[in-house]
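See below for the structure under consideration.
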Amino acid sequence: MTIDTVEKVPAPPRAIALRLVSAGFGYPDAKWRQRFNTLLGAARDCGAVPAGGLDKLEEALSVTPPVELEAQHFRLFGPAPACPLELAFHATKDPNGQAKTIADLAGFYKAFGVESEQRADGLPAVLEFLAYLEIKRVHAELNGWSEKRNIAAEASEKMRGELVVKAVGAITRKLSAAGAPKFYLQLAGLCRSLLGGKS
């Protein structure tokens, strides 16, 4: 699954919201800003997220100069990150447990015929995959394919419950402790609410 491929698929509101958050954690260069603003507009248009949440996210982005946001992204998520975006790192400190988390996530991708160009446990890749599952679920529902709908819904629920929610909670706390800019704190809070975790 590449971002370009998914970009062309009409998406239900929840998928758009997941993709917005996925994009938000990307490196904030000029191309990123254009894509993020497009997804922000799409999220507003379809009511994917309460307008107040989008307003706070947009405001937090607007008050952080682009150069500062790039520097903060590098500090928080770069080569020696204050807050790695790899979920396995937050799921357990045990290297064998981390390898299992990565393998489990890769297994979800493989079961749906998806090949990620990123590390399987990278938060942006996981969010894109969850958006993909939501698209599949809604498409199956619209076509009356109850078994396919249930498979996509159950995979999403299992993946979130077993592998994602706890790690995203840890990322949110780590971002706060690292003094992350408000934009990343708002983004992490939105991510947790979409995944079913408490903000």
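The values are calculated or read from the model by the stated rules, or taken from the named source; none is laboratory data. Note that this is a predicted model, so its numbers are computed, not measured. Neighbour counts are summed over all protein chains in view; Cβ atoms, including those assigned to glycine, are modelled from backbone coordinates with ideal geometry. Surface accessibility is based on the protein's heavy atoms, side chains included, excluding ligands, DNA and RNA. Shrake-Rupley method; radii C 1.70, N 1.55, O 1.52, S 1.80 Å.
General remarks:
- Whole-percent carbon and sulfur share, accessible surface of the chain, 1.4 Å: 55
- Pairs of lysine residues in the range 1-132 - Cα separation under 23 Å, sequence separation of 8 or more or cross-chain: 4
- C-alpha center-to-center spacing [the range 43-67, the range 138-198] in angstrom: 18
- In this structure the range 95-199 gives 51 Å² per residue of accessible area when probed at 1.4 Å with all protein chains present.
- Reachable aspartates and glutamates from K148, criterion Cα separation under 17 angstrom, eight or more residues apart if same chain: E134, E157
- On the beta carbon distance between T92 and S176, with R0 = 25 Å, the FRET formula returns roughly 0.75.
- Fluctuation leader among E147, E70, E134 - the chain, Gaussian network, Cα springs under 10 angstrom: E147
- For G122, distant residues with modelled amide H under 5 Å away: L87
- Surrounding net charge for R44, when Lys and Arg each add one and Asp and Glu each subtract one, Cβ distance under 10 Å: -3
- Of all the options A131, A178, A170, the one that moves most in a Gaussian network model of the chain with Cα springs shorter than 10 angstrom is A178.
- Net +/- balance of residues flanking S146 in space, Cβ distance below 15 Å, scoring K and R +1, D and E -1: +1
- Grouping the Cα pair distances of the chain into 5 Å bins from zero gives a pair-distance distribution of 1, 8, 16, 21, 21, 18, 10, 4, 1, 0 percent in increasing distance order.
- For the chain, a crude dipole built from +1 on the beta carbon of Lys and Arg and -1 on the beta carbon of Asp and Glu, taken about the Cα centre, is about 360 debye to the nearest 20.
- Structure remark: mean-square fluctuation, Gaussian network model of the chain, C-alpha springs under 10 Å; the largest value among K182, K174, K31 belongs to K31.
- Cα lying deepest toward the dipole's positive end in the chain, options A125, F74, L54, charges on Cβ: L54
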